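The values are calculated or read from the model by the stated rules, or taken from the named source; none is laboratory data. Bear in mind that the values here come from a model prediction, so they are computed numbers and not experimental data. Counting neighbours? That spans all protein chains shown, and the Cβs are built from the backbone with ideal geometry, glycine included.
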């Protein structure tokens, strides 16, 4: 059998393909984004799509599964918040073909706005949840999830997390098996799928009966595994937490749960009989621990020593369980003494001049989810909130309603193109409908940037690069009823300040769309073509070391300390330096320099 | 090879660090491919997402008979392979006392240094040598790659240098992995980069 190294996400995609999946939908979100990309690039038998948001992705998968085929939706943890509405009720209706929702958690918030533990959704919605630990399990559990889905007529959650989704390990490759469920829509099933009260009450009972059956199934589930070694201590764990613990304490006994909801009650009872003391090791919430304690068992250690926030690691598990006996490695250099290296906007990025303009205007900027959230960091510090996809638009409207005329000229919302289409259209409708006066700026960089360049309804291409309709933001704004719609060139700082200043001051809804400002890494949009010169250099005869250009935090510009003076005799404490390998010639710094000290470089 | 594995049940921990865009992830993919084909169990973990925007990038790579955790335990690194000086010293405490270190001799300033608010650490090599003596190796990856005509190949130069620590793996196995992972038009350049790197250490 062929073994290949696969990322967890690629293994989920492979599992879906081997399980005979025909439709898969997702909205990109770290750490889940590669699942749909892999499906689109590798498996022609599956129809893939980037949905505008996770709610739509789940609905697309549900509609497809209702015809009898197998379908999947994938998202990051906060994506399931967006999709919660269809998800919670699909738990009542059940499905026809298998339906799996992949939800990828992000403990330690490597790239997210919160750290929620998605296992709670399984208990909340009363659906089963599987949790793989590595690539092989990602593939196997995905296939198993479809079997469970069809066997019990329920959507199934597959929970991964950053260290599973973005880890690579060997995966044995299998073949695709087509499903045999007849395909078609049957109006006879209507009471099962029309969730009006009379039908809901019927399904409500089915859900409870299903949970009972699933509990019995969990006791026989082949990926709930007991490993009896030294019986002094037994660990109940799942996913990557199991791997960390096994790494540090290989001699202990284990109950590794492949299914984290519902729990295998008989198996847990048997484990408690076999070992003297039980420790529960899990990341984030005391999910297993609470349930196990509620069953009446005494847990020797759990969240009393294991942290309930951030991610675990072999070190943290060892330190937590050994307590004072843990010997930390020797500190040779204090890492906190070293300069940090936070992510930064790319050299030439169109967000940089726009946020510089907003800063100069002194605006309170309601922000959103995307690369531009980086504008909150010093020295730009020109973005003041970031809650969830689309929140900027509604929050700016609410703030303007609260502030009244006091807010005019001082507040705006900024939102990326992909984020706007995900969750910004509905609140923009609200601004117009409820006679608001807030200003919304769409930072259109022609792609979903931060998650690694996924297409969306505004790019003109599908996930498989087929040409498709491209949304025109100005036309959309008009249709919503906005009268004041303006275009800006974000690279023109003065122009931006004028237009944004005017629009923020207007007592009516405004929409501003950034034009000709593609992501620096989006090759097909040829982002460098608009720049006249390949790079710029500092004329050290003129640079006074005023540090104004450092305010934009361009990765190509750095400070060089050293006393000296300009050609015309101005004393200075240093000069700036432009790294020509990094400079793309965007001319943002040249607009800021008051001394004409930044000049075109010669190749 | 199978025999070797039986004799040596221990897991080898390789920690790679660098800056987004330096090719750290490709380098770790090469390692994973090579050691999988050589008959080992392998696991590799990295963080994507915001790290792509010029932030620090780290990859944990582990191989052995059976590997559980995808993450190396703090203090258990056998080999530190770093693509940038500041990103090497940041992880000095992770390395075992007898660990081996290969560092690309390149400085990439983080924002605080660019702004003149922090100092780029001086004497990174000295700090490592104080603790690890002759086990510290600096490689001029950029210079070597530039001479080959493409700075982008610096990561493979480093992999070439690093390959010296694994005499049981033949050159062909490394080259095979390079070919599997890179587009055909990049093969010649990277094979040269691998051999030049190998000579550099």
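Key figures for this structure:
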read-out	value
Residue list for region B:129-172, restricted to those being closer than 20 Å to residue B:91 by Cβ, without any contact (Cβ under 8 Å) to a residue 60 or more places away in the chain and in a loop (DSSP other than H, G, I, E, B)	none
Flag if residue A:134 is surrounded by fewer than 24 Cβ atoms within 10 Å (Cβ to Cβ) and over 22 Å from residue A:290 (Cβ atoms)	no
Selection from region B:109-130 of residues that are touching a strand residue (DSSP E or B) at 6+ places or on another chain (Cβ under 8 Å) and over 24 Å from residue B:163 (Cβ atoms)	B:109, B:113, B:114, B:115, B:116
Failed criterion for residue B:61 (all others in (1) touching a residue at least 60 places away in the same chain (Cβ under 8 Å); (2) surrounded by 23 or more Cβ atoms within 10 Å (Cβ to Cβ); (3) within 24 Å of residue A:312 (Cβ to Cβ) hold)	(1)
Flag if residue A:171 is in a helix (DSSP H, G or I) and touching a helix residue (DSSP H, G or I) at 6+ places or on another chain (Cβ under 7 Å)	no
Count of residues meeting criterion [surrounded by 22 or more Cβ atoms within 10 Å (Cβ to Cβ) and farther than 19 Å from residue B:44 by Cβ] in region B:67-84	1
The listed residue being touching a helix residue (DSSP H, G or I) at 6+ places or on another chain (Cβ under 8 Å), assigned by TED's automatic domain parsing to the domain that holds residue A:185 and at pLDDT below 95, out of A:39, A:95, A:46	A:95
Flag for residue B:35 being at pLDDT 95 or above and either surrounded by fewer than 22 Cβ atoms within 10 Å (Cβ to Cβ) or more than 10 Å from every other protein chain (Cβ to nearest Cβ) (or both)	no
Of all residues in region B:114-144 being more than 20 Å from residue B:101 (Cβ to Cβ) and surrounded by 13 or more Cβ atoms within 10 Å (Cβ to Cβ), the one that is farthest from the other protein chains (Cβ to nearest Cβ)	B:117
Strands (runs of 3 or more DSSP E) completely within region A:509-594 that count 2 or more residues being closer than 30 Å to residue A:475 by Cα and either touching a residue at least 24 places away in the same chain (Cβ under 8 Å) or in the same structural domain as residue A:415 (by TED's automatic domain parsing) (or both)	A:510-514
Selected residue (only one of B:42, B:102 is more than 10 Å from chain A (Cβ to nearest Cβ), touching a residue at least 24 places away in the same chain (Cβ under 8 Å) and either surrounded by fewer than 22 Cβ atoms within 10 Å (Cβ to Cβ) or in contact with a strand residue (DSSP E or B) (Cβ under 7 Å, 6 or more places away or on another chain) (or both))	B:102
Any hit, region B:65-77, residues being at the interface with chain A (Cβ under 10 Å from one of its Cβ atoms), in a helix (DSSP H, G or I), in contact (Cβ under 8 Å) with a residue 24 or more places away in the chain and more than 18 Å from the chain's Cα centre (by Cα)	no
In region A:89-127, the residues that are under 21 Å from the mean Cα position of the chain (by Cα), surrounded by fewer than 23 Cβ atoms within 10 Å (Cβ to Cβ) and more than 30 Å from residue B:55 (Cα to Cα)	A:120
Per-region count, region A:374-390, residues within 14 Å of chain B (Cβ to nearest Cβ), in contact with a helix residue (DSSP H, G or I) (Cβ under 6 Å, 6 or more places away or on another chain) and not in a helix (DSSP H, G or I)	3
Answer residue from region A:44-59, given it is touching a residue at least 60 places away in the same chain (Cβ under 8 Å) and more than 20 Å from residue A:90 (Cβ to Cβ) and is farthest from the other protein chains (Cβ to nearest Cβ) among those	A:45
Selection within region A:304-359 - closer than 25 Å to residue A:284 by Cα, more than 7 Å from every other protein chain (Cβ to nearest Cβ) and within 27 Å of the chain's Cα centre (by Cα)	A:306, A:307, A:308, A:309, A:310, A:311, A:312, A:316, A:317
Residue in region A:101-121 that is closer than 19 Å to residue A:193 by Cα and in contact (Cβ under 8 Å) with a residue 12 or more places away in the chain present	yes
Test for residue A:282: is it within 14 Å of chain B (Cβ to nearest Cβ), under 32 Å from the mean Cα position of the chain (by Cα) and either surrounded by fewer than 14 Cβ atoms within 10 Å (Cβ to Cβ) or within 21 Å of residue A:161 (Cα to Cα) (or both)	no
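Rundown of residues vs (1) on the phi > 0 side of the Ramachandran plot; (2) buried (at least 20 other Cβ atoms within 10 Å of the Cβ); (3) assigned to a loop (DSSP other than H, G, I, E, B), yes/no style:
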| position | (1), (2), (3) |
| --- | --- |
| A:343 | no, yes, yes |
| A:353 | no, yes, no |
| A:357 | no, yes, no |
| A:372 | no, yes, no |
| A:393 | no, yes, no |
| A:399 | no, no, no |
